[in-house]
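Enquirer: The structure under discussion is supplied below as structure tokens; questions concerning it will follow.
The values are calculated or read from the model by the stated rules, or taken from the named source; none is laboratory data. These numbers come from a predicted model, not from an experiment. Here the Cβ positions follow ideal geometry from the backbone for every residue, glycine too, while neighbour counts run over all protein chains shown. With ligands, DNA and RNA removed, areas are computed over all heavy atoms of the protein, side chains included. Shrake-Rupley method; radii C 1.70, N 1.55, O 1.52, S 1.80 Å.
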Amino acid sequence: MNTNTFFRTTKANTFTVRKFFKHVASDMEAQLREWDENFSVEVETWRTYTLSVTNGAQKFRVALSKNEVELLQHAHPYALDEKLWTSLEKQGLEVQDISEYMYIILNYDLYRRDRLRVAR
């Protein structure tokens, strides 16, 4: 899956917390479905911000407070993705390949430095 850091940065800076969480969940679902069409993602944004991932009998769930989501949203454009993916991996979800999207999440600081070096 590909991603556009310019658009993601704009969304992180302009979307409400709820809308940004749902956007990140949508990107994650797209990546998961590239690996296996049987993945499903459910989002709850009421008292806690919850991402639930299901694939057959496998079920994973990550719950964050609104404050934590907001802090991650403004830390850097992929900080929320990184937190969610890391939490899912700790529960046993296996990352199946490293797409551009996954590379940026796992190596955002390196990616940003490389982009700055190219721009100079």
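Enquirer: What do you reckon, is residue 3 modelled with pLDDT under 95 and surrounded by fewer than 13 Cβ atoms within 10 Å (Cβ to Cβ)?
Expert: So residue 3 does not fit the description; no.
Enquirer: Assuming residue 29 fulfils every condition listed in (1) within 24 Å of residue 97 (Cβ to Cβ); (2) modelled with pLDDT of 95 or more; (3) open to solvent by less than 30 Å² (accessible area, probe 1.4 Å) apart from one, which condition is it?
Expert: All conditions pass for residue 29, except number (3).
Enquirer: Within region 32-53, track down each residue that is more than 16 Å from residue 96 (Cβ to Cβ) and either β-branched (Val, Ile, Thr) or at pLDDT 95 or above (or both).
Expert: Within region 32-53, 40, 42, 43, 44, 45, 48, 49, 50, 51, 52 meet the criteria.
Enquirer: Here's another thing I want to ask about it. Scan region 19-31 and tell me whether some residue there is of a type in the set (Ser, Thr, Tyr) and in a strand (DSSP E or B).
Expert: No, that holds for no residue.
Enquirer: Ok, one more. Looking only at region 33-48, decide whether some residue is more than 13 Å from the chain's Cα centre (by Cα), surrounded by 15 or more Cβ atoms within 10 Å (Cβ to Cβ), in a loop (DSSP other than H, G, I, E, B) and among the aromatic types (Phe, Trp, Tyr).
Expert: The answer is yes, given that some residue of region 33-48 is more than 13 Å from the chain's Cα centre (by Cα), surrounded by 15 or more Cβ atoms within 10 Å (Cβ to Cβ), in a loop (DSSP other than H, G, I, E, B) and among the aromatic types (Phe, Trp, Tyr).
Enquirer: Filter region 57-103 down to the residues that are hydrophobic (A, V, I, L, M, F, W, C) and open to solvent by 60 Å² or more (accessible area, probe 1.4 Å) and list them by number.
Expert: The answer is 57, 71, 75, 98.
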